[in-house]
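> Here you go, one structure.
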Amino acid sequence: MQALYLYEKNELSFSFFLRRMFILFMIGLLHIILLWSGGVLHLYAILGLLVTLLIRASNRMLVILSVFFLLFLYYDQIFGALFNYLLNPLKYTGRMALTNCVMHSVFGLILFSFLGFGLYETLSPLQTIVTALAVFIFQIIYNWIWLRYFLYGSLEWVWRCLTYRKLLPVRKVECSEVALSKTE
C-alpha cells in the first residue's frame with residue numbers, strides 16, 4: 001500500500017524501498033541469530049523488493065496475475081459479513097505484524113527452550129493448539145490496547161524511523177499535538 005501511495009504521488013523510489021527492505025532484512029537476520037533459526041522476515045524483505053517491479057509491470061503481466069488470483073475473488077460474496085466480522089479483530093494484529101513476529105519467537109523461547117519452561121516435545125497436540133491459540137488471543141488483545149494509544153507497533157515505529165531517517169511521533173497524543181502546533 002505504501003508503494004502504491006508513493007507511485008501515485010510519483011515519489012516511488014527504488015532506493016527508498018531498497019533501504020526499507022534492507023532494514024527489514026537486517027531485522028530478520030537478527031531475529032534468526034538471536035531468537036529463532038526459522039524466521040522468515042529476511043524472505044519478506046527480498047519479496048518486498050518485487051513490489052517496485054510489479055507496480056511498473058506491463059498490463060499484460062498484471063492481467064495474467066489477476067486472472068490467476070481471480071479464483072479467490074468470490075470468497076467475500078460467499079461468506080460476506082460473517083467473514084468480515086470474524087476477521088475484524090485481526091486488523092490490529094496486522095498493523096503490528098513485525099512486533100508480533102518477534103513476540104512469537106520470544107514466547108516460543110520462554111515456553112519451549114531451556115531458558116524458560118522447557119516444554120519442547122512435552123505437550124500433546126491438543127495442548128500445543130491451546131497454547132498457540134492462547135498466545136494469539138493474548139496478542140490480539142495486546143495489539144488492540146497498544147494501538148489505542150500508539151500509531152504503530154514498537155518495532156514498526158523503529159523500522160519507520162530508520163527508513164525515514166528521523167524520529168517520528170509514536171503516541172497518538174504526540175501526533176495530535178504536532179498537528180495542532182502546525183496550524184497555530
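> May I ask you to give the solvent-accessible area per residue for the chain, in square angstrom, as obtained with a 1.4 angstrom probe?
Heavy-atom accessible area per residue stands at 73 Å².
> Which net charge results when you count Lys and Arg as +1 and Asp and Glu as -1 among the other residues whose beta-carbon is under 15 Å from that of F14?
+2
> How do the peptides 43-53, 94-104, 113-123 rank, highest first, by the average count of neighbouring beta carbon atoms within 10 Å per residue?
Per-residue mean Cβ counts within 10 Å order the peptides as 94-104, 43-53, 113-123.
> A follow-up question, please. Amide H neighbours of F150 under 5 Å, counting only residues 5+ apart in sequence or on other chains, H built in-plane at 1.01 Å?
K172
> Okay, next question. Given L162, L87, N143, which one lies farthest toward the positive end of the charge dipole of the chain, if we put +1 on the Cβ of every Lys and Arg and -1 on the Cβ of every Asp and Glu?
Final value for the positive-end residue is L162.
> Right, something else. L155: net charge of surrounding residues, Cβ under 15 Å, Lys/Arg +1, Asp/Glu -1, itself excluded?
Summing Lys and Arg as +1 and Asp and Glu as -1 gives +2.
> A further question on this structure: Give the relative contact order (percent, whole number) for the chain; include only Cα pairs under 8 Å separated by 6+ residues.
Relative contact order comes out at 20 percent.
> Roughly speaking, to the nearest percent, how much of the chain's 1.4 Å accessible area is carbon and sulfur?
Percent of accessible area from carbon and sulfur atoms in the chain: 72.
> Taking only complete DSSP H runs, can you tell me which helices of the chain stretch 24 Å or more along their own long axis by Cα positions and average at least -0.5 on the Kyte-Doolittle scale?
Passing helices, by number: 14-34, 125-149.
> If you only keep lysine pairs separated by 8 or more in sequence, or across chains, how many in the chain come under 22 Å at the Cα atoms? Don't jump to the answer; show the numbers that get you there.
On the way: K9/K166; K91/K172; K166/K182; K172/K182.
Taking the Cα cut-off of 22 Å, the pair count is 4.
> Still on this structure, I have one more. Using the charge dipole of the chain (Lys, Arg: +1 at Cβ; Asp, Glu: -1 at Cβ; taken about the Cα centre), state which of F112, C101, I129 has its Cα farthest towards the positive end.
Among F112, C101, I129, the one farthest towards the positive end of the dipole of the chain is C101.
> At 7 Å along Cα-to-Cβ for each site, give me the label-to-label distance between K91 and I46 in nm.
So the two model labels end up 3.4 nm from each other.
> Taking mean projected area of the Cα convex hull in nm² as the quantity of interest, determine which of (1) 14.7; (2) 12.2; (3) 15.3 was computed from the displayed structure.
(1)
The values are calculated or read from the model by the stated rules, or taken from the named source; none is laboratory data. Nothing here was measured: the structure is a model prediction, and the numbers come from that model. Using ideal geometry, Cβ is built from the backbone for each residue, glycine included, and neighbour counts are taken over all protein chains shown. Surface areas here come from the heavy atoms of the whole protein model, side chains and all, with no ligands, DNA or RNA. Shrake-Rupley method; radii C 1.70, N 1.55, O 1.52, S 1.80 Å.
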